[in-house]
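In what follows, a structure is listed as structure tokens, so that the remarks can point back to it.
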Amino acid sequence: MTDILNGYAATAPGALLAPFQFTRRHPRIDDVVIEIEYCGVCHSDLHQVHNDWGNTRYPLVPGHEIIGRVIDVGATVTRFKAGDIVGVGCLVDSCGDCSPCCEGEEQYCLNKPTPTYNGVDRHDGRPTYGGYSERIIVSEKFVLRIPDGLDPKAAAPLLCAGITSYSPLRRWNIGRGHKVAVVGLGGLGHMGLKFAKAMGAEVTLITRSAGKEQEARRLGADHVLVSSDLAQIGLAAGNFDLVLDTIPTPHDLNPYLSTLRLNGTLVLVGLIGPIAPAVHSGLLVTGRRSIAGSAIGGVEQMQEMLDFCAAHDINCDVEMIRIQDINRAYERLLKSDVRYRFVIDMESLKSRPAD
Ligand SMILES: [Zn+2]
Ligand SMILES: [Zn+2]
């Protein structure tokens, strides 16, 4: 096994992703060495490549929806062995001591969890590189078991898009008798429909554009509301226990708040910056409504979600691409032209650029 790894990286703001060679740490006793087979393409990959959040460290190897096969394990690893199909999501480490970490909510680690890429390893100070590469080395604690019965390539986006939708539905104990609205039909939204339906809720898709009824129903929606149609939104006033808002850009929350019933909660899963226009306090006070946020999920809950997906035959709808097509895929992602997630077949990394 050579130490030099092949991957794809952006080397400067504005640069296209291109072949890149790098090294990873030597495996520690608690490490799992994973040969990457598939990697989902998340919108945050694109943001980080473009340095949209101002914190990108170049060279950047993106990718945090990783599925692969274990090829080696450290001496203390007990849960995995060579040959196992495993997953790695957005995080590869956390402090392990703070109260969120002790509660299994590593994503809210008070000492900042270590991201799978664009982070710094807490032990050796080396940069972390993501899944657009042939191999990754991750502590056993942050490695997920991919259950039999899940198609590994379609499972990749569960590790970010999936858990981001699943976690709030569990946090607010969604089940039979609840009414859930999912706002937006992208990577997150289409998973939200599937999960809420499988949990037993009555599910509504709220979307900007008409004509998505058939597709929404295929994904689990019982009803579809068009958000630009104020009459439709008005008819839904006081209706939902939970609104799962997956829109990734700034937008008016007031119409959605009005659709919540008493004690209902609107959960934001997108980082949309300051909320504008302002939220009218009357919408919160008169129905004891809440606005909340939610970020991915802890390791334990991610495993729960993967097992839930296997039990309910849920997968992400994916479009497979070769790594050589990644820059074109980013262009399409910018136009929301994907149903519903690109997944890179990392086998393509082995082919010559001219292939
Ligand atoms: Zn992501
Ligand atoms: Zn912590």
Subject >> Scope region 64-120; condition assigned to a loop (DSSP other than H, G, I, E, B), among the acidic types (D, E) and within 16 Å of ligand 1 (Cβ to nearest atom); matching residues >> reply: E65
Subject >> Residue among A237, A276 that is in contact with a helix residue (DSSP H, G or I) (Cβ under 6 Å, 6 or more places away or on another chain), in a loop (DSSP other than H, G, I, E, B) and of a type outside the set (S, T, N, Q) >> reply: A237
**OP:** Kindly establish whether D30 is within 16 Å of ligand 2 (Cβ to nearest atom) and over 24 Å from the mean Cα position of the chain (by Cα).
**Re:** no
**OP:** From (1) within 16 Å of ligand 2 (Cβ to nearest atom); (2) over 22 Å from L271 (Cβ atoms); (3) surrounded by 22 or more Cβ atoms within 10 Å (Cβ to Cβ), pick out the condition that doesn't hold for S94.
**Re:** (2)
Original post:
Looking only at residues in region 1-60 that are loosely packed, with under 12 Cβ neighbours inside 10 Å and β-branched (V, I, T), which one is nearest to ligand 1 (Cβ to nearest atom)?
Top reply: T23
Subject >> Any chance N6 is away from ligand 2 (no atom under 16 Å from the Cβ) and closer than 23 Å to M320 by Cβ >> reply: yes
Original post:
Out of all the residues in region 282-300, is one or more over 12 Å from F342 (Cα atoms), in a helix (DSSP H, G or I) and touching a residue at least 60 places away in the same chain (Cβ under 8 Å)?
Top reply: yes
Original post:
How do the pairs read when you match residues in region 91-102 that are in the same structural domain as K141 (by TED's automatic domain parsing) with residues anywhere that are more than 6 Å from ligand 2 (Cβ to nearest atom) and in a strand (DSSP E or B), using Cβ under 7 Å and keeping only pairs 6 or more apart or on different chains?
Top reply: L91/T114; L91/P115; V92/T114; V92/V138; V92/S139; D93/T114; D93/S139; S94/T114
Subject >> Cross-chain or 6+ apart pairs with Cβ under 8 Å, region 39-55 first and on the phi > 0 side of the Ramachandran plot, then assigned to a loop (DSSP other than H, G, I, E, B) and away from ligand 2 (no atom under 16 Å from the Cβ) >> reply: N51/P13
**OP:** Identify the single condition in (1) in contact with a Lys or Arg (Cβ under 7 Å, 6 or more places away or on another chain); (2) surrounded by 16 or more Cβ atoms within 10 Å (Cβ to Cβ) that S228 does not satisfy, given that it satisfies every other one.
**Re:** (2)
Original post:
When you scan region 163-190, how many residues do you find that are part of a helix (DSSP H, G or I) and either out of contact with any Lys or Arg (no Cβ under 9 Å at 6 or more places or on another chain) or of a type in the set (F, W, Y) (or both)?
Top reply: 10
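The values are calculated or read from the model by the stated rules, or taken from the named source; none is laboratory data. All values derive from a computational prediction rather than experimental measurement. Positions of Cβ are backbone-derived with ideal geometry, glycine not excepted, and every protein chain shown enters the neighbour counts.
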